[in-house]
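Read through the structure below, which is laid out as structure tokens, and then see the notes.
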Amino acid sequence: MLKRSFTWWACWMIGVWALVSCKSGDEYEAALPKDAALVVSVNAASIVEKSGLSGKEGEALVQRLGDALKSGMQGSEPLVDKIMADPAESGIDFRKNIYLYVESHSVSAGVLARVSDAGKLEALFESLSKQQICGDLVQEDGYKWAAMGNLLVAYTSDALLILGDPNGGVPQDLCHTASMLLRQGEEDGYCATSDFKHIKGGKGDIVALTSLDMLPGQYVSPILMGASGGLELKDIKTLAEATFAQGKMSIDFTNLSTDKVMKQMQEKQAQAFGKIEGTYLDKFPANTGFWMSMNIDGKKIYEILCGHPLLNSQLENSMMPIDFESIFGSMKGDVAIAGNPMSGKFIAYADVTDARFLQTFENLKPLLALTGNRMQLINRGATGYEFRMTDGSMLGMRPGYHNWWFGVSDGRFYLTNYAEWIDAFVPGQTLRDCPWGKQVKGNIVYWGMNLASAIEEAGQVYGSQAEWNQALGFLQGLDYMTFAMEDMNKSHLELVMKAQDRNILQALLSAIN
């Protein structure tokens, strides 16, 4: 009998050991809500390593952070010193990913982290409670919680949840939500969804997956371009993967939408866009502040616009006697817009198949005559116009005098507020010579920002170079930013630094120091 009892006990211990040893440490992820419309996964360990916080360069910032915490938590100096020396002393496992989420229609939001030591975490909250930073810990069935301002902090031996109500509810009202989330198994929550598999498979330091279901209804309609009510907002999704590398940050976007109506819309939109030829790269100098291009079929673009109820109503009932269909229908090929953000100067170009659409602007002259010369349309050659307006606020623009020039030259429509740029010759390097110039062709949308040029121009407006450099900090190290949309499902953004010899997070940390 004794031998049999011992054998049973030994088997039970072996079973328990096997279960414990097989735990992945990811059990805390089960607390993610199944209806989350936005989930952001942050690889804290990777970010700390890449930023140099754990090295010599980060020591000063860590010290300042520790001093700030101690000044706000009198009597907790030993605990703060322990946590700053070893973050594991907080009871939170920063080697595991931290999750931020927002539930459907933004009804609630939260942060989820793995608990490595519930005892140390309890000591941390007891110290915070003494400093009146949070309330006393309350023991519930299976978890503990405390109110911290407008937030509810709840934890078990596996998971730490910080919950908030965007609508301003009191923390105690979130106790039921916390209890439900902390009790659910992997099969009940977000972990069981295909979306979570995409997040876990992401390669970035920060990976986010969001759906339009996150937004309140009034913000969605303008985005959907008149789509029918058959749309399932939760099925319109995008995956974003942000990576911090040597001298740059990149974000890859992937369209994961499965909604049938949205897919049909995207297929229709894809037919209206072609591959960029890069026609207008040579029209602008290399230090141009901003440039964007795409390749369009204007006739199909107009059909899409007419499919949007609000836009269609404005086009059909416009007070202006302009043939919009003729204007859009003449555009086919590359279009581009460029300018310098600080000065406000810009010019737009578009390939056109026929210049006869300009005749429609003649119909505007009688209407403008009624403004008493406050608005004028003047012919500039056979295929050009100058539009003058004494006060921009008449058309919802900035107050003051405005001049615009538009027309067709060499088979290209132009629109600008700076006449000297029309068909201007570029004597030196053009945008084609930029580091990103050869990446443009073949995309359906591409834009580039010369941040170094824009910042330099802003410095001339701001004041002395010394004052400007001091105000800029990290920004003065920026070189350029680009965005490329390869097709309707893939796009890529890059933020590039002048210095390529260290991680962009280290450069940011150095600026903070």
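Give me the residue from region 366-376 that is touching a Leu at 6+ places or on another chain (Cβ under 7 Å) and either modelled with pLDDT of 90 or more or under 25 Å from Asp410 (Cα atoms) (or both) and, out of that set, surrounded by the fewest Cβ atoms within 10 Å (Cβ to Cβ). First the steps, then the outcome.
Taking region 366-376 as the starting set, the residues that turn out to be touching a Leu at 6+ places or on another chain (Cβ under 7 Å) are 368, 375-376.
Add one more test, that the residue is either modelled with pLDDT of 90 or more or under 25 Å from Asp410 (Cα atoms) (or both), and what stays is 375-376.
Numbers: Met375: 19, Gln376: 14.
Filtering first and then ranking leaves Gln376.
Flag not set for Ser71, criterion: modelled with pLDDT under 85 and either under 25 Å from Asp26 (Cα atoms) or in contact with a Pro (Cβ under 7 Å, 6 or more places away or on another chain) (or both). A Cβ distance below 6 Å, combined with a sequence gap of six or more or placement on separate chains, defines the contacts here; from region 414-438, residues that are outside any loop (DSSP other than H, G, I, E, B) reach residues that are of a type in the set (Asp, Glu) and open to solvent by 50 Å² or more (accessible area, probe 1.4 Å) in the pairs Thr430/Asp282; Arg432/Asp282.
Residue count for region 451-479 satisfying the condition of being open to solvent by 30 Å² or more (accessible area, probe 1.4 Å) and either of a type in the set (S, T, N, Q) or at pLDDT 90 or above (or both): 7. Of the numbered criteria (1) in a strand (DSSP E or B); (2) within 30 Å of Ile236 (Cβ to Cβ), the one Val153 fails is (2).
Scanning region 244-255 for residues being open to solvent by less than 40 Å² (accessible area, probe 1.4 Å) and either over 16 Å from the mean Cα position of the chain (by Cα) or hydroxyl-bearing (Ser, Thr, Tyr) (or both) gives a total of 4.
Can Asp323 be described as modelled with pLDDT of 90 or more and of a type outside the set (A, V, I, L, M)? No; evaluated as a whole, the condition is false for this residue. Can you spot a residue in region 112-121 that is crowded, with 17+ Cβ neighbours inside 10 Å, closer than 19 Å to Ile47 by Cα and among the hydroxyl-bearing types (Ser, Thr, Tyr)? No: region 112-121 contains no residue that is crowded, with 17+ Cβ neighbours inside 10 Å, closer than 19 Å to Ile47 by Cα and among the hydroxyl-bearing types (Ser, Thr, Tyr).
Every residue, every condition in (1) basic (Lys, Arg); (2) within 29 Å of the chain's Cα centre (by Cα); (3) assigned to a loop (DSSP other than H, G, I, E, B), yes or no:
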{"position": "Arg114", "(1), (2), (3)": "yes, yes, no"}
{"position": "Gly119", "(1), (2), (3)": "no, no, no"}
{"position": "Glu122", "(1), (2), (3)": "no, no, no"}
{"position": "Gly135", "(1), (2), (3)": "no, no, yes"}
{"position": "Gly169", "(1), (2), (3)": "no, yes, yes"}
{"position": "Leu174", "(1), (2), (3)": "no, yes, no"}
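The values are calculated or read from the model by the stated rules, or taken from the named source; none is laboratory data. Just so it is clear, the structure is predicted and the values come from calculations on it, not from any experiment. Every residue, glycine among them, receives a Cβ derived from its backbone with ideal geometry; neighbour counts consider all protein chains shown. Note: areas computed on protein heavy atoms with side chains; ligands, DNA, RNA excluded. Shrake-Rupley method; radii C 1.70, N 1.55, O 1.52, S 1.80 Å.
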